[in-house]
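Below is one structure; the comments refer to it alone.
Derivation of every value follows stated rules applied to the coordinates shown; laboratory data play no part. Because the structure is a prediction, the values reported are computed rather than measured. Positions of Cβ are backbone-derived with ideal geometry, glycine not excepted, and every protein chain shown enters the neighbour counts.
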Amino acid sequence: MGAVGVMDHPLVTQETQDVLADALLGLPIFGDIGLIYQVNDFNWLWPVFEANLCGTNASVRALKHLAHRNHIKELTVTNGDVREACHYFADRYARDDAASYAHLTALAPPKADETDNVLLNPIHQGLQEPDGTKAQATALLFVVYRLRNNLFHGTKAQRGLEGQTANFRHANALLRAWITAGD
């Protein structure tokens, strides 16, 4: 079975495209070159972010601690790219409608034994907070963390990456801002 929707581009070898197309049952993950660039950037930015700002161990606890730092909270007020990402993710995950809830639960699925999901509620509630708050910074950190977990642990691959370009573009803007702001 050959790759479906494969474009000839330098970021992914043909051999890898063929293997992924077969493993993903022919999902056309390579049809959007913009998505490939965004995922590639994310793959480079995340490890630098995790090493420089999370002590090489990003976790819910580490991200909550990071959200307390003033320079991280203030970026939603001072950095236009961060504000734009915040508004995008708030529109996607924090509206009170079925579509927003579906996106949110796909991002951070509630566990059957939890009524107050450790990520779902802080994301939904935090993205509704005013710019510059700890809750908002925590929500943005959690969104990027879940995109990372879904990408690196297979959830995104199971459903495909189609329609995810904006998610990764905004996540990359956040990662660049956080890395640049430093520790």
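Once the chain from Ala181 to Glu74 is taken as fully extended at 0.36 nm per residue, the excess over their C-alpha distance is 37.5 nm. Remark: spin-label model distance His65-Thr105 equals 3.4 nm, labels positioned 7 Å along the Cα→Cβ axis. Electrostatic tally near Cys86: other residues with Cβ closer than 10 Å to its Cβ, Lys and Arg +1, Asp and Glu -1, net -4. Using the Cβ-Cβ distance between Tyr37 and Gln14 with R0 set to 30 Å, the FRET efficiency works out to roughly 0.95.
With 0.36 nm allotted per residue and the present C-alpha distance subtracted, the Asp81-Gln125 stretch has 13.7 nm of extension available.
Extent of segment 34-181 along its three principal axes (Cα atoms, max minus min coordinate, largest first): 35, 31, 27 Å.
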